[in-house]
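The structure appears right after this line, and notes come after that.
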Amino acid sequence: MWGFFEKKPVFDPSAQTFIQTGEDFQSNIKGIYLAGDIAGYALLKSAINQADALVESLAADIARTQHGGDYDLVIAGGGAAGLSAAMSAKRLGLKYVVLEADRIANTIRNFPLGKHLFAEPKDEPAGGELWIGECAREEIIEKWESQVAESQLNINTGQKVADMKRVRKPGSPGPGGWLIETTTADGSKYLSARAILAIGRQGNPRKLNAPGENLDKVRPRLYDPGKYKGKK
């Protein structure tokens, strides 16, 4: 799987994954794979590399499958891993779609303004086509938006994945007659030969149910420290 890399992306064994996976990053549900932070690759460069390598490893198998689904590959999440997977899928001629609950690079958008990002690990070669470099938060968002536009990636924003499961293909009782059905919060369904979960692990901030927490001036995250300079 890693033959086209000088070095396999660094996996952090202490990073907890939410779904059981094997060495090929397949979950305990056959046909659904993990990429990026949810697979234990929290660093941006490693997430990009791992997602690119994953799609490379799946492409030949998908090409041999007469699956009859809407897509060869459904990618849940439009962050570093999801965008990298999408660019690889397009390069390899796969019919794919990215389903993003909010906006692309949403986790990075929620970082404080001006936050400096590092292209770590430095000794790991960059793989895939998604740009990565040491820069400010704003620069990487601008570069990724530009790449998405130039590549004309097939991304559906505002599509939060609510369910992803293996279903029997109608009229196919044999062992190969299975598809992955992805359902979004609005009830839309996508049938594909394979699916990749690249949703990250940030989640939604917990609220305290305290009086006043829903006021416009209350924020669950620190976006711009400069706004609060000299204030109580």
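The values are calculated or read from the model by the stated rules, or taken from the named source; none is laboratory data. Because the structure is a prediction, the values reported are computed rather than measured. Cβ placement follows ideal geometry from the backbone for every residue including glycine, while neighbour counts extend to all protein chains displayed. Just so you know, the surface numbers come from the protein's heavy atoms only, side chains and all, with ligands and any DNA or RNA stripped out. Shrake-Rupley method; radii C 1.70, N 1.55, O 1.52, S 1.80 Å.
In a Debye calculation with equal point scatterers on the alpha-carbon sites of the stretch 40-170 and no solvent, what is log10 I(q)/I(0) at q = 0.11, 0.13 Å⁻¹? Ignoring solvent entirely, the Cα scatterers give -0.40, -0.55. The distance from the alpha carbon centre of the stretch 136-158 to that of the stretch 29-70 is 20 Å, rounded to a whole number. For the pair Lys122 and Lys165 in one chain, pulling the backbone fully straight at 0.36 nm per residue adds 11.7 nm over the alpha carbon distance. When the alpha carbon coordinates of the stretch 95-155 are projected onto the principal axes, the ranges are 33, 28, 18 Å, largest first. Proximity of backbone amide H atoms, modeled 1.01 Å from N, is registered between Leu43 and no other residue at under 5 Å, excluding neighbours fewer than 5 places apart on the same chain. Less than 5 angstrom separates the built amide H of Lys160 from those of Ala185, Asp186, all sequence-distant by 5 or more or on a different chain. Inter-label distance, Ala60 to Lys217: 6.2 nm, where each label sits 7 Å from its Cα along the C-beta direction.
Just to confirm the number: angle between the C-alpha axis of helix 80-91 and the first principal axis of the chain, 0 to 90 degrees, nearest 10? Helix 80-91 sits roughly 40 degrees off the main axis of the chain. The residues of the chain expose on average 55 square angstrom of accessible surface per residue, using a 1.4 Å probe on protein heavy atoms. Set against the 2.2 N^0.38 Å expectation for a compact globular protein, the chain has a Cα radius of gyration ratio of 1.08. Our summary gives the stretch 71-216 a relative contact order of 29 percent, counting only alpha carbon pairs under 8 angstrom and 6 or more residues apart.
What is the helix-to-structure angle for 44-63, meaning the angle in degrees between its Cα long axis and the longest Cα principal axis of the chain, kept from 0 to 90 and rounded to the nearest 10? It works out to around 20 degrees. In the chain, the longest principal axis of the Cα atoms and the axis of helix 137-151 are about 30 degrees apart.
Provide the gained length on full extension for the span Asp224 to Glu23, in nm with one decimal, where the gain is 0.36 nm per separating residue minus the Cα-Cα distance. Mind showing how you got there, number by number?
Working: separation 201, 0.36 × 201 = 72.36 nm, distance 4.02 nm.
So the chain would gain 68.3 nm between Asp224 and Glu23.
Can you pull the percent of the stretch 50-202's accessible area that's carbon plus sulfur, 1.4 Å probe, other chains left in place? C and S atoms contribute 49 percent here.
Sorting 220-227, 130-137, 111-118 by average packing, meaning the other beta carbons within 10 Å per residue, from highest down gives 130-137, 111-118, 220-227. Summarising the label geometry, the points placed 7 Å from Cα in the beta-carbon direction at Ala149 and Lys231 lie 3.1 nm from one another.
Taking amide hydrogens as placed 1.01 Å from N in the peptide plane, the amide H of Trp131 sits under 5 Å from that of no residue at least 5 positions away in sequence or on another chain.
Peptides 142-152, 96-106, ordered by how many other C-beta atoms sit within 10 Å of their residues on average, highest first, read 96-106, 142-152. When only alpha carbons of the stretch 115-232 are considered, Rg and Dmax amount to 20.9, 69 Å. Take the residue pairs Lys115/Lys143; Lys169/Lys189; Lys90/Lys160; Lys160/Lys189; Lys45/Lys122; Lys30/Lys169 and return only those whose Cα atoms are more than 19 Å apart. In this structure, Lys90/Lys160 exceed 19 Å between Cα atoms.
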